[in-house]
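Asks: Questions regarding the structure given below will be posed in turn.
The values are calculated or read from the model by the stated rules, or taken from the named source; none is laboratory data. Note that this is a predicted model, so its numbers are computed, not measured. Note: ideal-geometry Cβ built from the backbone for every residue, glycine included; neighbour counts use all protein chains shown. The protein model used for the area step is the full one, side chains on, heavy atoms only, and it has no ligands, DNA or RNA in it. Shrake-Rupley method; radii C 1.70, N 1.55, O 1.52, S 1.80 Å.
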Amino acid sequence: VAMVGALLAQKEIHVQYLSTFQNDFVLVQQKHFSTAVDCLKENLENCSPSGVTSPKQPPRARSFEPSINKLIKLKSKLLLASCSTEKTKEIIHPLLKLIFFDNKDLFWHFTFADDEFSFLLDRQHVPLFGADTLVISELWQPIRRQSKPNFYETGVVSYISDPLIRAGLSVIYLSTYSTSFILVPCNRFNEAIAALKAANFSIFYLAMVQAKVKENSANSSSASSSSSSSADTTSNSQKQLRSSTNGSSSSNSNCHSNSNSSSSSAPTVSPTATPTPDHNSS
């Protein structure tokens, strides 16, 4: 994972990485496909479908620390499972139940590729499938990126997985549209966290992040309400000001009307001499 990601990152090629039960897939933009294949052929001794051997001097991940160094550790413990495409009819019903009814906000992942169905399932999901339907491996625990500010990033896969690989840990990597998940064996999860912290990653609990998001949302709502209340107060003041001004103007007009009608001998007030209400002073 780290090696392939680092090689393509040196060519400034953005990748999406997808691990399944039997395979790993590296997805690149179509315009970079030929360059990516040539790069891997040049740097890997054996690029045949049957296996890939490491180059003599594995490249290190890029030495930079963008916003990707904030990770969230999740409590889910997942089983990596697989079944052949010959059992399609057997998994359709449980898969539909998993999608629409029984997910219960639990982590799960499904991939159909080549000749396999690959799953990452919570242990609660396994009974949905019939006995002997799935081939199941050990438990894995996920770590998630806190954010993915730029979809077309390069070097991210190798940057995150490199300290784990160098610590001798197996890694399952899943790229999604808005984030990435890195899964390590449950029995070595603490080692993974220690390796990431030693590489200057910040590790957060999901509950801490959710609480912070909730707090920020509450502060934003409070500020919005305060702003709305202030705007209403200003609007009411303006209405009262206009009402007061109109009242003064009406009273002044009535005063002149009464003065003119009460005495026919009273001097006529020239229009230019009529006092104009001062809206500011009112």
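Asks: Within the stretch 90-111, count every residue that is closer than 23 Å to PRO185 by Cα, touching a residue at least 24 places away in the same chain (Cβ under 8 Å) and open to solvent by 40 Å² or more (accessible area, probe 1.4 Å).
Replies: Qualifying residue count for the region: 3.
Asks: While we're looking at this one, here's another question. Please find, within the stretch 152-193, the residue that is least open to solvent (accessible area, probe 1.4 Å) out of those that are free of Cβ contacts under 8 Å to residues at least 24 places away in the same chain and over 22 Å from the mean Cα position of the chain (by Cα). Walk me through it before giving the result.
Replies: Initially, the stretch 152-193 is screened for residues free of Cβ contacts under 8 Å to residues at least 24 places away in the same chain, giving 168, 170, 176, 188, 190.
When the remaining residues are screened for being over 22 Å from the mean Cα position of the chain (by Cα), the result is 168, 170, 188, 190.
On the way: GLY168: 49, SER170: 68, ARG188: 70, ASN190: 125 Å².
The residue in question is GLY168.
Asks: Something else: Residues of the stretch 112-129 being touching a residue at least 40 places away in the same chain (Cβ under 8 Å), over 16 Å from LYS97 (Cα atoms) and within 26 Å of the chain's Cα centre (by Cα), which ones?
Replies: Listed by number, the residues that qualify are ALA113, SER118.
Asks: On the basis of being touching a strand residue (DSSP E or B) at 6+ places or on another chain (Cβ under 8 Å), of a type in the set (Gly, Ala, Ser), closer than 24 Å to PHE25 by Cβ and in contact (Cβ under 8 Å) with a residue 60 or more places away in the chain, does SER84 make the cut?
Replies: No: the conditions fail for SER84.
Asks: Another question, then. If SER147 satisfies every condition in (1) over 22 Å from LYS75 (Cα atoms); (2) modelled with pLDDT under 85 but one, which is the exception?
Replies: Among (1) over 22 Å from LYS75 (Cα atoms); (2) modelled with pLDDT under 85, SER147 violates only (1).
Asks: Right, another one. Return the residues of the stretch 162-192 that are in a helix (DSSP H, G or I) and over 19 Å from LYS77 (Cα atoms); say none if nothing qualifies.
Replies: Once the filter is applied, which keeps residues that are in a helix (DSSP H, G or I) and over 19 Å from LYS77 (Cα atoms), the stretch 162-192 yields ASP162, PRO163, ILE165, ARG166.
Asks: (1) part of a loop (DSSP other than H, G, I, E, B); (2) at pLDDT 90 or above; (3) more than 27 Å from SER118 (Cβ to Cβ): which one isn't true of LYS197, the others all being true?
Replies: Condition (1) is where LYS197 drops out.
Asks: Would you check if ILE203 is touching a Lys or Arg at 6+ places or on another chain (Cβ under 8 Å), at pLDDT 85 or above and not aromatic (Phe, Trp, Tyr)?
Replies: So ILE203 fits the description; yes.
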